[in-house]
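Note sheet for the following structure.
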Amino acid sequence: VQLQAFGGGLVQAGGFLRLSCTASGRPVSSYRMGWFRQAPGKEREFVATIARSGSADYYADSVKGRFTISRDNAKNMMYLQLDSVKPDDTAVYYCAAGPYYRSAWDDFRTYNYWGQGTQVTVSS
């Protein structure tokens, strides 16, 4: 599975942004998918994940209530809606896909496939 994330950019604090992740090579309907981010000098951290059918989603506490993950299996796409962004949200955002049966969905090692990342910069 090849993943490509796009939609990042510069946004003011309090604003919104929508990231997209497109998949090719194999249908993603059988994979759990997620978003991670990495800020300069920091480790890659979990942001959100969504089950195969889209029926269940989980978020890091730092983004809960502000970000929304979704997917469209028919289009082989995944999305992350970022609302009420903060300067601390500045990072490179990565989309990922992994086996649905792995339970550690907030661990980057769960995911086998990664996109190249898209930069999100939030100005204060």
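No lab work stands behind these numbers, since they all come straight from the coordinates. It should be emphasised that the depicted structure is a prediction, and the values quoted were computed from it without experimental measurement. Ideal geometry is used to build each Cβ from the backbone, glycine not excepted, and the neighbour counts take in all protein chains shown.
Miscellaneous remarks
- For Lys86, net neighbour charge (Lys/Arg +1, Asp/Glu -1) across residues whose Cβ lies under 14 Å away: -1
- Sparsely packed trypsin sites (Lys or Arg not before Pro) within segment 1-110, loop by DSSP, other Cβ within 10 Å at most 12: Lys42, Lys64
- Charged neighbours of Glu43, selected by a Cβ distance under 14 Å, balance to +1 (K, R count +1; D, E count -1).
- Of the residues Ser53, Leu82, Gly7, the one whose Cα sits farthest towards the positive end of the charge dipole of the chain is Ser53 (charges of +1 on Lys and Arg Cβ, -1 on Asp and Glu Cβ, taken about the Cα centre).
- Applying both filters, DSSP loop and at most 16 other Cβ atoms within 10 Å, to the chymotrypsin sites (Phe, Trp or Tyr not before Pro) of segment 48-124 gives Tyr100, Tyr101.
- Here Lys75 is the anchor, and no lysines lie within straight C-alpha reach of less than 16 Å, apart from those fewer than 8 places off in the same chain.
- Label positions at Met77 and Asp107, each projected 7 Å from the Cα along the C-beta direction, are separated by 3.3 nm.
- Taking a straight line from the alpha carbon of Lys42, these aspartates and glutamates sit under 15 Å away, with near neighbours fewer than eight places off in the same chain left out: Asp88, Asp89.
- FRET E, pair Ala51, Asp88, Förster distance 22 Å, beta-carbon r, rounded to 0.05: 0.25
- In this Cβ point-charge picture (+1 for Lys and Arg, -1 for Asp and Glu), segment 1-103 has a dipole of about 280 debye about its Cα centre.
- Stretching the chain fully between Arg66 and Ser124 yields a gain of 19.2 nm (0.36 nm per residue, less the alpha carbon separation).
- Taking a sphere under 12 Å around the Cβ of Pro99 and counting the other residues whose Cβ falls inside, with K and R at +1 and D and E at -1, yields a net charge of +4.
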